[in-house]
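Encoded as structure tokens, the structure appears first; notes follow it.
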Amino acid sequence: MKNTLKSDLDVELAAGGLVWDRGRGTPLLAVIHRPKHDDWTLPKGKQKPGETLLETAVREVAEELGCEFEVENFAGVTCYKKGWRSKVVFYWNMLRRDDRPFQPNDEVDAVEWLPFEQALARLTFPAEREVVERNRIFAPAATALA
């Protein structure tokens with residue numbers, strides 16, 4: 001008899017960033033809108049074969065935001081179910097390094113740079129709000145570094 005149940009070990013790995021803009025006094029966090037899902041989320045994406053998770057985060061943030069940034073430190077991880085699979089997303093705190101304007105694309109049609117509390121309120125998914133909340137200390141620290 002054929003086994004039709006999926007394994008609990010079927011895991012999709014992804015990575016992304018909490019991208020902070022510290023150049024305007026109050027630290028601002030990038031939140032993106034994905035038209036396909038009509039949600040507001042942190043920039044992130046699936047790991048490609050041969051990539052480290054940090055490489056995935058850097059590639060995905062660059063693709064989705066189109067700006068230069070510097071990786072600061074590890075921000076946390078979220079886990080959730082996506083159909084039959086579990087999805088595990090690793091995040092890094094990143095600092096924006098330029099003011100290049102965002103160019104809408106098929107995956108992301110808008111980026112908002114929001115103060116901490118507004119970014120929390122804008123995010124669609126509780127798991128992402130939790131990882132941002134756990135990095136609350138980074139928001140004022142970004143200002144101190146300017």
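Points worth noting:
- Filter pass, residue 90 being under 13 Å from the mean Cα position of the chain (by Cα), surrounded by 14 or more Cβ atoms within 10 Å (Cβ to Cβ) and not acidic (Asp, Glu): yes
- Within segment 26-54, the set of residues being without any contact (Cβ under 8 Å) to a residue 24 or more places away in the chain and acidic (Asp, Glu) comprises 38, 51.
- Among the residues of segment 28-56, none is identified as of a type in the set (D, E, K, R), within 12 Å of residue 109 (Cβ to Cβ) and touching a Lys or Arg at 6+ places or on another chain (Cβ under 9 Å).
- The sole residue among 48, 36, 2 that is modelled with pLDDT under 95 and of a type outside the set (A, V, I, L, M, F, W, C) is 2.
Matching residues to (1) surrounded by fewer than 12 Cβ atoms within 10 Å (Cβ to Cβ); (2) at pLDDT 95 or above; (3) within 19 Å of residue 38 (Cα to Cα):
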{"position": "57", "(1), (2), (3)": "no, yes, no"}
{"position": "71", "(1), (2), (3)": "no, yes, no"}
{"position": "76", "(1), (2), (3)": "no, yes, no"}
{"position": "79", "(1), (2), (3)": "yes, no, no"}
{"position": "126", "(1), (2), (3)": "yes, yes, yes"}
{"position": "146", "(1), (2), (3)": "yes, no, no"}
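- Subset of segment 93-110 (residues that are surrounded by fewer than 20 Cβ atoms within 10 Å (Cβ to Cβ) and under 21 Å from residue 23 (Cβ atoms)): 97, 98, 99, 100, 101, 102, 103, 110
- Exactly one residue among 84, 92 is in contact with a Gly (Cβ under 6 Å, 6 or more places away or on another chain) and more than 19 Å from residue 117 (Cβ to Cβ), and that residue is 92.
- First in segment 113-140 and farther than 21 Å from residue 67 by Cα and assigned to a helix (DSSP H, G or I), second anywhere and modelled with pLDDT of 95 or more and of a type in the set (Ser, Thr, Tyr), Cβ under 6 Å, 6 or more apart: 127/78; 131/78; 131/91
- Any hit, segment 61-69, residues being surrounded by fewer than 16 Cβ atoms within 10 Å (Cβ to Cβ) and either touching a residue at least 24 places away in the same chain (Cβ under 8 Å) or of a type outside the set (Gly, Ala, Ser) (or both): yes
The values are calculated or read from the model by the stated rules, or taken from the named source; none is laboratory data. This structure is a prediction, so every number in the text was calculated from the model and none was measured. Please note: Cβ atoms are built from the backbone with ideal geometry, for glycine as well, and neighbour counts cover all protein chains shown.
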